[in-house]
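Below is one structure, written out as structure tokens; comments come after it.
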Amino acid sequence: MTTILAVRRDNRVVVGGDGQVSLGNNVMKAGARKVRRIHDGSVVCGFAGSTADAMTLSEKLEAKLGEYSGNLLRAAVELAKDWRSDKYLRRLEAMLVAADNERILMISGNGDVVEPDEGVAAIGSGGFYALAAARALRRNTDLDARAITEKSLGIAAELCVFTNDRFTIEEIEA
């Protein structure tokens, strides 16, 4: 129950997420950090879903990045394979967006590793709102990646009750 958005434009990749943590219909926390840098800051990872599960998965992704010399695509594929086949990992309920200076990937527990079209990816309960807004802004404005991310997350926060407007935003020079 969150919104994570990644946007690539003009040699920049920006990943942003809201800060709301919900338990059922109750807001438990407003300023959580669901976007963080991993692998010595070269990869930005955002997560949606169960917090403990998402943290476990981001730690596993960071370990895979170390194992595969920072190759994000290879690390993501290997994580997805483990996630799908391991009895413990298979129960984890979360999704990840991971970005480096070359690509943006969405990683799910179904074994999916998707590199989205148009350099825009979103996950979470407000993900489709943010995705639609980001695609429209990317196609029809000259806004940079950070501005697109901020405006799109703002639109998602207006529409999704599980998304707030306390954003964490990280950038990578592509």
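Toward the positive end of the charge dipole of region 4-160, with +1 on the Cβ of Lys and Arg and -1 on the Cβ of Asp and Glu, the farthest Cα among S42, A63, G109 is that of G109. The gain in end-to-end length when the S42 to V161 segment is fully stretched comes to 39.6 nm, 0.36 nm per residue minus the alpha carbon separation. With 0.36 nm allotted per residue and the present C-alpha distance subtracted, the N11-E102 stretch has 31.8 nm of extension available.
For region 45-68, the residues whose backbone nitrogen is under 20 Å from a point 7 Å from the Cα of K81, taken along Cα to Cβ, are 57-68. Its relative contact order, with pairs defined as Cα atoms under 8 Å and 6+ residues apart, puts the chain at 34 percent.
Dipole size of the chain about its Cα centre, with +1 on Lys/Arg Cβ and -1 on Asp/Glu Cβ: approximately 340 debye, rounded to the nearest 20.
Every read-out reported here was derived from the displayed coordinates using simple, explicitly stated rules and does not represent laboratory data. Note that the structure is a prediction, hence the values are computed from the model and not measured. For neighbour counting, all protein chains shown are included, and Cβ atoms are generated from backbone atoms with ideal geometry for every residue, glycine included.
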